[in-house]
Amino acid sequence: MANTSARMLRLLSLLQTHRYWPGSELADRLEVSPRTLRRDVDRLRELGYPVGASRGVAGGYQLKAGAAVPPLLLDDEEAVAIAVGLRTAAAGAVAGFEETSVRALAKVIQLLPPRLRRRIDALQAVTSPGALGGGPVLDAGVLTTIAMATRGEERLRFDYSPRDGALNRRHVEPHRLVPLGRKWYLLAWDLDRADWRNFRVDRIAAPTLTGARFRPREIPGGDPVAWLRSRIRAIPNRYDVSVLVQASPSTIRGMVGHWGDCEEVRDGVCRLRMNVDDLGWPTLVLGVLGAPFTIESPPELRERARAAAENLLRETTL
């Protein structure tokens, strides 16, 4: 790697993914000599990154925890992503992050050039993270521990409560965190079951880093999101929803996405079908669409929609 700056960023990225790197392996990854590696490590130390070293045949390098955060090197896309993510966390999507996210967001925004501030404002203006809310609020400690294990390729243990409520202990190799719909999922290789599994993050408790590293496996099909969607579609849900809606197919599909099917039964009327475990989502969709509708099934959805409408009317008269 001839470009010194690019090599330094690559070195820093590698050090952040493992607690300890053998020197020979790190030099091979960077395609440099051990002498060049030592010089690059010294440059990182000059920038404020606390890189520890051990000598000998099994010597290597480790990025230590510092008393202060060294300067961050971000490109434009990363800076925008951080600011948008902080705004989402500040809105209360993750419990315990609201106040901290607001403080961090203020510091990040101050450091951004005007062109990036305009991009963030424009993006925020056309997105509404809370418009389709109602999903479970996540525990900040749980989410960050899972993220650390996933990024560091470290095996993880946690307690899990599946749909039947039977708490059990799981031992996994975490692969990817995926936000889908109104929920977060962990995709992982389950060591006890020797197979891929997905876990809802809001049902995970007491995650513990084991210190054992693993070599990441290839998820079936290579696309984590596509794999997760196929697994979720295969889960039998509690309610089969069918609603006639006086709206165009494009309007309805724009709201429900892949979470429902829509077919035009006559001019200006479509049948919306959804298979859900909770009626909160279809009730919210019908309310946001703002179009006349007739609920065909299930009867419980009629009661849910009626109760929601009565509650809205009651609130407007207060």
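Some points to look at:
- Rounded to whole numbers, the Karplus 3J(HN,Hα) couplings from phi for region 143-157 are 5, 5, 5, 5, 4, 5, 5, 5, 5, x, 6, 10, 5, 10, 10 Hz, using 6.51 cos²θ - 1.76 cosθ + 1.60 with θ = phi - 60°, and x at Gly and Pro.
- Simple spin-label estimate for Asp261 and Asp190 in nanometres, 7 Å along Cα-Cβ: 2.8 nm
- In Hz, Karplus ³J(HN,Hα) per residue of region 291-297 (6.51, -1.76, 1.60; θ = phi - 60°; x = Gly, Pro): 10, x, 8, 10, 7, 8, 6
- Cα-based equivalent ellipsoid of region 201-318: semi-axis lengths in Å, sorted from largest, via gyration tensor: 35, 21, 12
- The equivalent ellipsoid of region 205-264 has semi-axes of 37, 15, 11 Å, largest first, where each one is the square root of 5 times an eigenvalue of the Cα gyration tensor.
- Calculated FRET value between Arg39 and Ala205, using beta carbons and R₀ = 30 Å, to 0.05: 0.05
- For Trp184, the amide hydrogen comes within under 5 Å of the amide hydrogens of Val201, Asp202, counting only partners 5 or more places away or on other chains and with H modelled in the peptide plane.
- Taking amide hydrogens as placed 1.01 Å from N in the peptide plane, the amide H of Asp278 sits under 5 Å from that of no residue at least 5 positions away in sequence or on another chain.
- Cβ charges +1 (Lys, Arg) and -1 (Asp, Glu), total dipole of region 191-318, debye: 520 debye
- Largest to smallest in accessible area, the residues Phe158, Phe214 fall in the order Phe214, Phe158 (1.4 Å probe, all protein chains included).
- The modelled label-to-label distance for the pair Met148/Leu312, using points 7 Å beyond Cα in the direction of Cβ, is 4.4 nm.
- Span from the region 32-56 Cα centroid across to the region 237-289 one, whole angstrom: 58 Å
- With the cut-off at under 20 Å, measuring from each backbone N in region 178-222 to a point 7 Å along the Cα-to-Cβ line of Asn168 picks out 185-208.
- Full extension of the chain between Ser250 and Arg176 gives 23.5 nm of extra length, using 0.36 nm per residue less the Cα-Cα distance.
- Close amide-amide hydrogen proximity is noted between Leu191 and His171, Val172, Glu173, each under 5 Å apart and 5 or more residues distant or on a separate chain (H modeled in the peptide plane; Pro and chain starts excluded).
The values are calculated or read from the model by the stated rules, or taken from the named source; none is laboratory data. Treat the numbers as computed from the prediction; the structure is a model and nothing was measured. All Cβ positions, glycine included, derive from the backbone under ideal geometry; neighbour counts span all protein chains shown. These area figures cover heavy atoms from the full protein model, side chains too; ligands, DNA and RNA do not enter into them. Shrake-Rupley method; radii C 1.70, N 1.55, O 1.52, S 1.80 Å.
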